[in-house]
Amino acid sequence: MEKKELPIERLNNAVDGGIEQNSNVLLLVDLAIDKTKFASGLGNHHQSLDDQVEYLVNNKMPKFVEKTLDKDTAEIIDGFSTTLNKESNAAHKIQADINEDREEHVKESKEIIIELMEDKDVFIMDSLDPFVGDWDKITEYKDLLKGEDGETISYFMLPNLGIEEGDNEYERMKEEFEYVMHLKGLERKGMILKFIEFVKPEVETKVPFDVTATGIKMYVPKLLVTGPENSGKTTVVHNMSDTALSTEKSGTTVALDKGQVDSNGLKADIFGTPGQERFDYAMNFLGQGIFGSFIVVDSRNPDFERVDDLIDTLGEREVPIIILANFQNKEDSMDPEKIEEKTGLETMGVDAEHGENLTEALERLLDKILEQHSWY
Amino acid sequence: MSERLSTGLEQLDNDLEGGLPQGSIIVIMGDKKTGVEQLADYIMLEGLKNDESGVFMALEKAPSKFKENAEYYGWAFDKHERRDKMMFVDGYSWQSGEPETDHYLTGLTDLNQISMKFIRAVHDLKGDPDRSIVNSSSALLEYMNAASAKKLIKVLGAKSAKNSGVLLVTLHKSLHDKQERAQIKDAADGVIRLEMKDGQPYLGIERMTQTDHSKSWRKFMISSENGLWLI
């Protein structure tokens with residue numbers, strides 16, 4: 001059976017190249033994530049692979065997805081405008097109002113889905129909101145498009161109202177669908193870090209993402225690099241990033257360093273703070289909505305007092321922290337283990353100047369960040 | 001005992017050992033004509049007057065219509081909105097035409113969107129939300145099953161409780177059967193009821209977390225000149 005690629009390379013690697021044709025994919029979406037934005041982004045991705053897409057929208061007017069999808073290769077089924085008693089220009093419209101006559105609405109929508117499916121490669125159901133907890137109905141929709149020699153991939157968007165690993169609904173999802181992806185959200189000060197985790201197949205892959213104007217991309221919004229004066233923060237930001245900017249005065253950062261990682265398909269924004277205490281105010285705004293932080297220390301002379309202060313400040317924000325023991329290339333540097341003992345925080349030895357261990361540190365911080373999430 | 005937020009109604013505060021417990025979800029249940037919405041508005045306005053903040057989920061009518069109704073009682077929400085101390089989530093205008101505010105819903109079915117817009121409004125507020133309103137849970141029940149509505153209210157309540165805020169949720173009693181009402185009430189830490197007896201609304205406290213509350217019913221008075229008061 002052939003496979004079709006997902007938007008992000010790392011996702012495809014996790015499932016040996018993509019999603020098999022003739023399979024059903026459930027997307028369990030935490031409430032902090034816009035599932036329509038993801039679903040239409042997914043549709044658009046398939047269009048870019050020359051797939052024909054069928055898209056059912058039943059919780060908002062079709063115009064909200066029409067702008068993302070290319071009309072030539074997508075058929076939109078309007079399952080909402082009758083709820084409003086409104087005109088819509090969608091070519092396919094479910095006449096029965098889901099709130100008035102649910103059974104008729106389901107029956108009619110199933111007929112339209114099947115009728116249109118003949119020459120389609122992908123079906124997207126946006127969404128299963130009205131059928132939360134009603135597994136009989138979910139199964140009815142799911143089984144519609146699977147045939148012995150079917151080729152369709154069907155995606156179903158399900159809001160997560162508290163389904164957790166190990167409970168009955170979680171097991172049910174795994175039984176019913178060939179693939180289950182969990183779109184998780186982590187909120188900080190109104191900013192949301194979104195990431196995807198495969199529930200089925202059970203692979204250890206977590207992929208942070210965002211839906212941008214150019215599609216679904218791997219993305220981490222905000223990481224912080226801080227530490228005592230002259231510990232090498234600016235060098236860390238620059239050598240961890242592909243592009244970076246700094247504002248300096250006599251070689252010392254006075255406002256911020258800003259870098260962007262853009263490699264292996266990962267995008268991340270990295271902010272560096274000035275080290276001098278008189279710039280601590282900068283922490284207040286640079287530290288807003290961050291998802292993880294590095295504290296860089298000079299291993300030859302770690303200023304533990306200052307480091308403790310920074311840990312306290314960051315600790316209040318409850319973000320994962322990794323200490324980077326810099327200048328490991330120098331002879332008189334302290335071992336990372338010693339620094340870890342002293343600070344009580346995970347510590348990695350790096351040589352920022354030569355880029356030694358920086359990528360590993362970034363990966364490790366990401367892992368730490370993605371261990372958390374809140375379904376609401 | 002948790003900290004209290006004054007309702008602005010002296011007798012009600014007394015009956016509640018000082019006011020509503022911070023970080024709680026309170027359902028205000030009664031029939032439309034009993035003044036359920038006015039009670040919620042009044043409690044929110046009391047907070048706004050004291051420089052508090054809050055989010056108003058307007059699911060039953062457009063924010064402009066809401067403000068117009070409030071003006072009838074001399075309650076001005078406008079100035080608080082202008083100071084960003086109050087944010088509306090417009091969950092109504094999708095039914096009629098174009099939404100009026102930045103925070104609008106495209107329907108009442110998309111659970112993710114409702115939650116996200118609430119977060120967004122909280123984020124855009126000046127200050128943390130002290131008192132927020134969902135008006136009404138009855139509107140939610142029109143578009144989703146009671147179990148989903150209950151979970152959603154719990155999520156919004158948890159968001160508001162993060163900064164010790166109170167979430168007031170109105171519920172129109174006669175529109176729902178007992179099971180539906182039970183689900184919504186189950187999401188709450190306290191239930192205040194308004195009941196019509198011989199053409200006169202009465203207020204009673206059905207239950208309230210961490211509170212040895214009064215069990216008696218009080219006359220609930222409302223007029224355009226004097227606002228609200230209890231006898």
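At least 3 residues that are open to solvent by 30 Å² or more (accessible area, probe 1.4 Å) in each: list the helices (runs of 4 or more DSSP H) lying fully within the stretch A:1-115 that qualify. Here the list reads A:9-14, A:35-48, A:63-66.
Okay, residues lined up against (1) within 8 Å of chain A (Cβ to nearest Cβ); (2) without any contact (Cβ under 8 Å) to a residue 40 or more places away in the chain; (3) open to solvent by 30 Å² or more (accessible area, probe 1.4 Å):
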position: B:104; (1), (2), (3): no, yes, yes
position: B:109; (1), (2), (3): yes, yes, no
position: B:112; (1), (2), (3): yes, yes, no
position: B:116; (1), (2), (3): yes, yes, yes
position: B:120; (1), (2), (3): yes, yes, yes
position: B:127; (1), (2), (3): no, no, yes
position: B:136; (1), (2), (3): no, no, no
position: B:139; (1), (2), (3): no, no, no
position: B:142; (1), (2), (3): yes, yes, yes
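Looking at the stretch A:120-128, can you tell me whether even one residue there is without any contact (Cβ under 8 Å) to a residue 12 or more places away in the chain, away from chain B (no Cβ under 14 Å) and either more than 20 Å from residue B:145 (Cα to Cα) or surrounded by 23 or more Cβ atoms within 10 Å (Cβ to Cβ) (or both)? Checking the stretch A:120-128: not a single residue is without any contact (Cβ under 8 Å) to a residue 12 or more places away in the chain, away from chain B (no Cβ under 14 Å) and either more than 20 Å from residue B:145 (Cα to Cα) or surrounded by 23 or more Cβ atoms within 10 Å (Cβ to Cβ) (or both).
Filter the stretch A:21-63 for residues that are more than 9 Å from chain B (Cβ to nearest Cβ), touching a residue at least 40 places away in the same chain (Cβ under 8 Å) and among the polar types (S, T, N, Q) and give the result.
Across the stretch A:21-63, the qualifying residues are A:21, A:22, A:23, A:24, A:40, A:44, A:48, A:52.
Filtering the stretch A:306-352 to residues that are of a type in the set (D, E, K, R) and either within 27 Å of the chain's Cα centre (by Cα) or in a loop (DSSP other than H, G, I, E, B) (or both) leaves A:316, A:317, A:318, A:330, A:331, A:332, A:335, A:346. Among the residues of the stretch B:161-180, those identified as open to solvent by 40 Å² or more (accessible area, probe 1.4 Å) and either within 22 Å of residue B:61 (Cβ to Cβ) or part of a strand (DSSP E or B) (or both) are B:173, B:174, B:175, B:180.
Scan B:43, B:28 and give me the residue that is touching a residue at least 60 places away in the same chain (Cβ under 8 Å), not in a helix (DSSP H, G or I) and not acidic (Asp, Glu). First the steps, then the outcome.
Values: B:43 fails: not in a helix (DSSP H, G or I).
Among B:43, B:28, only B:28 is touching a residue at least 60 places away in the same chain (Cβ under 8 Å), not in a helix (DSSP H, G or I) and not acidic (Asp, Glu).
In the stretch A:193-211, the count of residues that are touching a Ser or Thr at 6+ places or on another chain (Cβ under 8 Å) and part of a loop (DSSP other than H, G, I, E, B) is zero.
Identify all residues within the stretch B:144-160 that are of a type in the set (A, V, I, L, M), within 23 Å of residue B:61 (Cα to Cα) and either within 17 Å of the chain's Cα centre (by Cα) or within 9 Å of another protein chain (Cβ to nearest Cβ) (or both); write none if there are none. Steps first, answer last, please.
The first filter runs over the stretch B:144-160 and keeps only residues of a type in the set (A, V, I, L, M), leaving B:144, B:146-147, B:149, B:152-153, B:155-156, B:158.
When the remaining residues are screened for being within 23 Å of residue B:61 (Cα to Cα), the result is B:144, B:146, B:149, B:152-153, B:155-156.
Answer for the stretch B:144-160, where residues must be of a type in the set (A, V, I, L, M), within 23 Å of residue B:61 (Cα to Cα) and either within 17 Å of the chain's Cα centre (by Cα) or within 9 Å of another protein chain (Cβ to nearest Cβ) (or both): B:144, B:149, B:152, B:153, B:155, B:156.
Pairs linking a residue in the stretch A:82-109 that is away from chain B (no Cβ under 11 Å) to a residue that is part of a loop (DSSP other than H, G, I, E, B) and open to solvent by 30 Å² or more (accessible area, probe 1.4 Å), with Cβ atoms under 7 Å and 6 or more positions apart or on different chains, are A:82/A:95; A:108/A:95.
The values are calculated or read from the model by the stated rules, or taken from the named source; none is laboratory data. Quick caveat: nothing in here was measured; it's all calculated off a predicted structure. Cβ coordinates were reconstructed from backbone atoms using ideal geometry, including for glycine residues, and neighbour counts include every protein chain displayed. Ligands, DNA and RNA are stripped out before the accessible areas are found, and what is left, the full protein with its side chains, is counted by its heavy atoms. Shrake-Rupley method; radii C 1.70, N 1.55, O 1.52, S 1.80 Å.
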